[in-house]
Amino acid sequence: MLCVSKKVDYALSALSFLAVHAGRVCSAREIAQTHNLPLPRLMNLLKRLHRHGLVRSVRGVRGGYLVSDALDRVSLYDLITFLEVDPSHRVNGEAIAGNGFAPIQALQYRLIGFLKNVSVADLILPGRRIDVPLERVRSKPKAVKQQNRLEASLSPA
């Protein structure tokens, strides 16, 4: 299973919160409290998202962040690269891939292609979110356990 880092998870949570509350300035503290995120880390992520044009910041006593309109133009790959890859490990804006065996390189190539085809908007904007069956979101609900047992019993020994 593909795993994302806490940075990417926190960034997607913050962007999702801002998308749901579009048009309203939301403070980092409000986002952190709602999603139970560490405020200092979230503030650093929001600054980085602001630098890359994914959020707009509003200064002042009632300041905070607004979601940008650019979410359609930013892929999940771009978001991961913004947050995870040190700029010194890029060539022409692309992350430098490590050397590996051919099957791993092929897999990495396919995964990068997939990540480039999923926009951030597809993940967070209400009405555009990619649907995931509820039983896949929960941790092993009863129905999935029964499904796994049924599949195991049907497979040849």
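How much of Lys6 can a 1.4 Å solvent probe reach, expressed as accessible area in Å² and rounded to 10? Lys6 exposes around 120 Å² with every protein chain in place. For Leu45, what is the net charge nearby, where nearby means another residue's Cβ is under 13 Å from its Cβ and Lys, Arg count +1, Asp, Glu -1? Computed value for this residue: +4. The distance between label points at Asn36 and Val4 comes to 1.9 nm (points 7 Å beyond Cα on the Cα→Cβ vector). Ligands, DNA and RNA excluded, the heavy atoms of Asp122 present near 40 Å² of accessible surface to a 1.4 Å solvent probe.
Taking other residues whose beta carbon is less than 14 angstrom from the beta carbon of Asn36, and scoring Lys, Arg as +1 and Asp, Glu as -1, yields +1. In this simple spin-label model, placing a label point 7 Å from the Cα along the Cα-to-Cβ direction at both Arg73 and Asp122 gives a separation of 1.9 nm. Accessible surface computed residue by residue for the stretch 1-68, with neighbouring protein chains in place and a 1.4 Å probe, gives 61 Å² per residue. Taking a cut-off of 15 Å, what percent of all Cα-Cα pairs in the stretch 1-57 are separated by more than that? That tail contains 43 percent of the Cα-Cα pairs. Along the Cα→Cβ direction, 7 angstrom out, place labels at Asn44 and Arg56. What is the inter-label distance in nm? A separation of 2.8 nm, rounded to one decimal place.
The values are calculated or read from the model by the stated rules, or taken from the named source; none is laboratory data. Just so we're clear, the structure is a prediction, and the values are computed from it rather than from any experiment. Here Cβ is always computed from backbone atoms with ideal geometry, including for glycine, and neighbour counts include all displayed protein chains. We work out accessible area using only protein heavy atoms, side chains counted, and drop any ligands, DNA or RNA first. Shrake-Rupley method; radii C 1.70, N 1.55, O 1.52, S 1.80 Å.
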